[in-house]
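Chemist: Below is the structure I would like to discuss, written out as structure tokens.
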């Protein structure tokens, strides 16, 4: 259960501490994404194999990665959704009636009877989204939220003028900031649970 810090005593009663919700929201809306973004996102090279990428995503407990060149400049994005879409498009799914019917691939379970077969020899560059939407670090979180809502995406790379990845801002980062502003205790950049590899 989330815990909330509720100020009491002279601090809470002081007029300067009383800010209307509208004023607080306006103040938050103009906060730059650099203040809330993840500055250590998972970045991978485009020549990484899909098998290695999946292992890394599951190990880190994340669902996507930014693809960069040797200088750290953004080349694209790749997510578990992209991997599943590519495999379905290539017909690399098959029905199983023997043995375990479910295989964990993207942090959730497929319907009984189906699994996803490996794309042997496929590289990140073959599947990644090349024309990723980006934001500069001085963009506001209101702008980030607007772009996410309009485009139907959950995260946006934040890049420098040279195209170098500085971080990634996600919908979770925006929600985390709102919770913190209202006094709730939340961990910074919490990741999903790590999954142990099968023996």
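No lab work stands behind these numbers, since they all come straight from the coordinates. It should be emphasised that the depicted structure is a prediction, and the values quoted were computed from it without experimental measurement. Neighbour counts are summed over all protein chains in view; Cβ atoms, including those assigned to glycine, are modelled from backbone coordinates with ideal geometry.
Chemist: For labels at residue 137 and residue 81 in the simple 7 Å Cα→Cβ model, what's the distance in nm?
Modeler: 2.8
Chemist: Going by how many other Cβ atoms sit within 10 Å of their own, how do 175, 74 line up, fewest first?
Modeler: In order of increasing Cβ crowding within 10 Å: 175, 74.
Chemist: Here is a further query. By how many nm would the segment from residue 35 to residue 177 lengthen if fully extended, with 0.36 nm per residue of separation less the alpha-carbon distance?
Modeler: 50.2 nm
Chemist: Most exposed first by the Cβ proxy, i.e. fewest other Cβ within 10 Å, how do 137, 151, 59 rank?
Modeler: With the sparsest Cβ surroundings first, the list reads 151, 59, 137.
Chemist: Gain in length, residue 56 to residue 27, computed as 0.36 nm per residue apart minus the alpha-carbon separation, to one decimal in nm?
Modeler: 6.7 nm
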